[in-house]
Amino acid sequence: MTMKIMDDYNRDGYVIVRNVLDADLIPNDAFWVRLISDDRLLDVAQAFIGPDIALFASHYLSKPAGVGLPVLWHQDGSYWPLDPMDVVTIWLAVDDSTPENGCMRVIPGTQHLKLQKLQASTDVKNVLESQIDPSFVDESKAVDVILKAGDLSVHHPNVIHGSNANTSPRRRCGLTIRYIPTHTRITQPWGCDFLLRGKAVPGINDYKARPKYVEGKSFPFRGSAAWR
């Protein structure tokens, strides 16, 4: 991990890392635990949170062509039961992500803002039905996070970000992966807690056993023999 990547992250609250995974692995390898524990992803996470890495949450975010809803401006950490709020998000592009199909938009530097209370917002249909107080948002500084399939962006839990609706004829799908150092406690059940690298801290979190691949039951994926 180069110093430039860390410098960009510390300055802006997010950074883009290109060509991390093979593009054909992203849509075709559905076994997500295999995917989120890929060493290439953990190497990126380790640069930000250290060598003892657990999963806090992971899910696909898909905006269907023409009808994908916007995500209003928010800070991720405002939604999460973590103590302390030591966490890093990797947003892994499944499809090319562009302004036309509703790519993520970030306001650089806002990771220095403390986590704010969310406001309910349903005047316009949106994914989260909530937003940060608009007084904290200067849209003139917003940057489009444009990614190719297999690229990823890394962002801070405090950085203000969102995305526009997808009015294009192309889907926009990404996999979010929230990695935590093992000293961070998950204070409410969240359901995705796996130890992925390094050592657990006794008394902090109880981690799930990794699922095994069962021929004929599990969805096939490359390298499944190592998961039997």
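Only one of the numbered conditions (1) among the basic types (Lys, Arg); (2) closer than 19 Å to residue 58 by Cβ; (3) surrounded by fewer than 16 Cβ atoms within 10 Å (Cβ to Cβ) is not met by residue 197, and that is (3).
Where strands (runs of 3 or more DSSP E) fall entirely within the stretch 83-135, those with at least 3 residues that are of a type outside the set (D, E, K, R) and closer than 21 Å to residue 179 by Cβ are at 88-93. For the stretch 4-15, the criterion of being at pLDDT below 90, among the aliphatic types (A, V, I, L, M), in contact with a strand residue (DSSP E or B) (Cβ under 6 Å, 6 or more places away or on another chain) and crowded, with 19+ Cβ neighbours inside 10 Å is met by at least one residue. Of all the numbered requirements in (1) out of contact with any Cys (no Cβ under 7 Å at 6 or more places or on another chain); (2) surrounded by 14 or more Cβ atoms within 10 Å (Cβ to Cβ), residue 139 misses one, and that requirement is (2). Within the stretch 178-189, being within 15 Å of the chain's Cα centre (by Cα) and surrounded by fewer than 21 Cβ atoms within 10 Å (Cβ to Cβ) holds for no residue.
Take the conditions at pLDDT 95 or above and under 16 Å from the mean Cα position of the chain (by Cα) and apply them to residue 145. Does it pass?
Values: at pLDDT 95 or above: yes; under 16 Å from the mean Cα position of the chain (by Cα): yes.
When the stated conditions are applied, residue 145 passes them.
Among residues of the stretch 172-199 that are free of Cβ contacts under 8 Å to residues at least 12 places away in the same chain and of a type in the set (Ser, Thr, Tyr), none has a Cβ under 6 angstrom from a residue that is surrounded by fewer than 20 Cβ atoms within 10 Å (Cβ to Cβ) and assigned to a strand (DSSP E or B) at a sequence gap of 6+ or on a separate chain.
Residue-wise test of (1) more than 20 Å from residue 184 (Cβ to Cβ); (2) under 18 Å from the mean Cα position of the chain (by Cα).
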site: 61; (1), (2): yes, yes
site: 88; (1), (2): no, yes
site: 91; (1), (2): no, yes
site: 117; (1), (2): yes, no
site: 140; (1), (2): yes, no
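Among the conditions (1) closer than 24 Å to residue 37 by Cβ; (2) buried (at least 22 other Cβ atoms within 10 Å of the Cβ), the only one that residue 160 does not satisfy is (1).
Only a single item in (1) closer than 22 Å to residue 173 by Cβ; (2) surrounded by fewer than 16 Cβ atoms within 10 Å (Cβ to Cβ); (3) modelled with pLDDT of 90 or more is not met by residue 88, and it is number (2).
The values are calculated or read from the model by the stated rules, or taken from the named source; none is laboratory data. Everything numeric here is computed off the predicted structure, so don't read it as measured data. Quick reminder, even Gly has a Cβ in these numbers, built from the backbone with ideal geometry, and neighbours come from all protein chains shown.
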